[in-house]
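Notes for the one structure printed next.
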Amino acid sequence: MTAREKLYEGKAKIVFAGDHPEELVLHFKDDTSAFDGEKMEQLAHKGEINNAFNAFIMEYLQREGVPTHYLRRMGPRESAVRRLDMIPVECVIRNRAAGSLSRRLGIEEGQILEPPVQELFLKNDALHDPMINHSHIRCFGWATDVEVDAMERWTRRINQLLVRLFSAAGLILVDFKLEFGRQGGELFLGDEFSPDGCRLWDARSLEKMDKDRFRRGLGGVVDAYLEVARRIGVPLD
Ligand code: ADP
Ligand code: UDP
C-alpha cells in the first residue's frame, strides 16, 4: 500500500487523503491538548480509544437518522469519513453549568440548565475560539442562516440521543462541542465525538470522566475514557 498524502495535522488528529477524492482518513493521535494548545501531552492509547469511541457514537447517531461524515473504520487509529467543507463554527450545548459558562456568567459548576444552553464559537486557536452569534456568522459569511438553523437543531437532537445513551450508563452528559461541514449541498456532522470534546460525570459520585481530568491535572485520563467506553458498550480490542 502506498503512503497516504498528509493534508493537515491538527492538535488531536492527522487528516490524510482517502481512497476516493470525496473521502478523507482521520488518524487519531495520542496527543492531548488544552487551553488552545498551550498544555500538550501524549497519553498512551488515547488515539485508539477515541477512534473506537467516535466510531461507536457516529454509528449510533447514524442509526438514529443524524447525517454524519463517518464511513468506516480503517485501522486501530484510522477512520474514513466524507471530505467536508468545514464550517468554522463550534456548536456547544450544555445540560449543566461548567467550564467557560461558569467562568463567564458566575454560575456554579453543576447547576442544571433547563432548557439546555446553546452557544457558538469561532474555530480559531489564535483568537482563543471567541464566542460569536448569528449576526457575526451572517455578516462574515461563515455559514448561511439555513445552515446555522440546521446545525443548532441537529445539536439539540444529538443532545437528546446522547443524554439517553449516557444516562443509561450512569453518566451525566454535562456539555459537548460539535463541528459541521458541507458536501454536495448537504450538511453533515463532522470531526469527532469523544471524551476529548465533551464533559461526562459519574451520575453518583459526580467524578469527572473526560478531558477535564487532563485540564486540571487530575491524572487517570485514559482510564476514565476506558471506563466510559466500557459502560456504553464500545467494543475495544
Ligand atoms: P484542530 O484542528 O482543532 O487542532 P484536530 O487535531 O482534531 O483539530 O484536527 C482535525 C481537523 O480536521 C479539524 O480542523 C477538523 O475541523 C477537520 N475535520 C474534521 N472532520 C472533517 C471532514 N469530514 N472533512 C474535512 N475536515 C474535517
Ligand atoms: N470544547 C471542545 N473544543 C474547544 C472548546 C470546547 O471540545 O475548542 C468542548 C469542551 O470539552 C466542553 C464544551 O466544549 O465539553 C464546552 O467547553 P467550554 O466552553 O466550557 O470551554 P473550556 O472551559 O472547556 O475551555
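Residues of segment 117-133 that are part of a strand (DSSP E or B) and more than 12 Å from ligand 2 (Cβ to nearest atom): Ile132 alone. If you check Ile49, Ile93, Ile87, Ile57 for being within 21 Å of Arg199 (Cβ to Cβ), modelled with pLDDT of 95 or more and in contact with an Asp or Glu (Cβ under 8 Å, 6 or more places away or on another chain), only one passes: Ile93. Which residues, counting only those in segment 200-219, are in contact with a helix residue (DSSP H, G or I) (Cβ under 6 Å, 6 or more places away or on another chain) and either surrounded by fewer than 22 Cβ atoms within 10 Å (Cβ to Cβ) or within 11 Å of Ala34 (Cα to Cα) (or both)? Result: Arg213, Phe214. Here Leu161 fulfils each of the conditions (1) within 14 Å of ligand 1 (Cβ to nearest atom); (2) surrounded by fewer than 18 Cβ atoms within 10 Å (Cβ to Cβ) apart from (1).
Taking every residue in segment 209-225 that is under 11 Å from Pro195 (Cα atoms) and pairing it with any residue that is within 16 Å of ligand 1 (Cβ to nearest atom) and of a type in the set (D, E, K, R), at least 6 positions away or on another chain, the pairs with Cβ-Cβ distances below 6 Å are Lys211/Asp196; Val222/Lys46. Here the condition is being among the polar types (S, T, N, Q) and within 28 Å of Pro21 (Cα to Cα); of Asn133, Asn124, Asn159, it holds for Asn124 alone. The set of residues in segment 23-42 being in a loop (DSSP other than H, G, I, E, B) and near ligand 1 (Cβ under 10 Å from one of its atoms) consists of Lys29, Asp36, Gly37. The set of residues in segment 1-46 being β-branched (Val, Ile, Thr), more than 16 Å from ligand 2 (Cβ to nearest atom) and in contact (Cβ under 8 Å) with a residue 40 or more places away in the chain consists of Val25 alone. Residues in segment 7-22 that are within 12 Å of ligand 1 (Cβ to nearest atom), surrounded by fewer than 17 Cβ atoms within 10 Å (Cβ to Cβ) and of a type outside the set (A, V, I, L, M): 5 in all. So, Val221, is that one farther than 27 Å from Gln118 by Cβ and within 16 Å of ligand 2 (Cβ to nearest atom) or not? It is true that Val221 is farther than 27 Å from Gln118 by Cβ and within 16 Å of ligand 2 (Cβ to nearest atom).
Listed by first and then second residue, the pairs linking a residue in segment 173-196 that is within 17 Å of Arg72 (Cα to Cα) to a residue that is among the charged types (D, E, K, R) and within 10 Å of ligand 1 (Cβ to nearest atom), with Cβ atoms under 7 Å apart and 6 or more places separating them unless they lie on different chains, are Phe188/Arg82; Gly190/Glu179; Asp191/Glu179.
The number of residues in segment 66-85 that are loosely packed, with under 15 Cβ neighbours inside 10 Å and more than 22 Å from Pro235 (Cα to Cα) comes to 1.
Within segment 167-191, restricting attention to residues that are among the aromatic types (Phe, Trp, Tyr) and surrounded by 22 or more Cβ atoms within 10 Å (Cβ to Cβ), the residue that is nearest to ligand 1 (Cβ to nearest atom) is Phe180.
Number of residues in segment 192-209 that are away from ligand 1 (no atom under 16 Å from the Cβ) and not polar (S, T, N, Q): the value is 10. Looking at this structure, is Asp36 in contact with a helix residue (DSSP H, G or I) (Cβ under 9 Å, 6 or more places away or on another chain) and surrounded by fewer than 18 Cβ atoms within 10 Å (Cβ to Cβ)? Considered against the rule, which asks whether it is in contact with a helix residue (DSSP H, G or I) (Cβ under 9 Å, 6 or more places away or on another chain) and surrounded by fewer than 18 Cβ atoms within 10 Å (Cβ to Cβ), Asp36 comes out as yes.
The values are calculated or read from the model by the stated rules, or taken from the named source; none is laboratory data. It should be emphasised that the depicted structure is a prediction, and the values quoted were computed from it without experimental measurement. Counting neighbours? That spans all protein chains shown, and the Cβs are built from the backbone with ideal geometry, glycine included.
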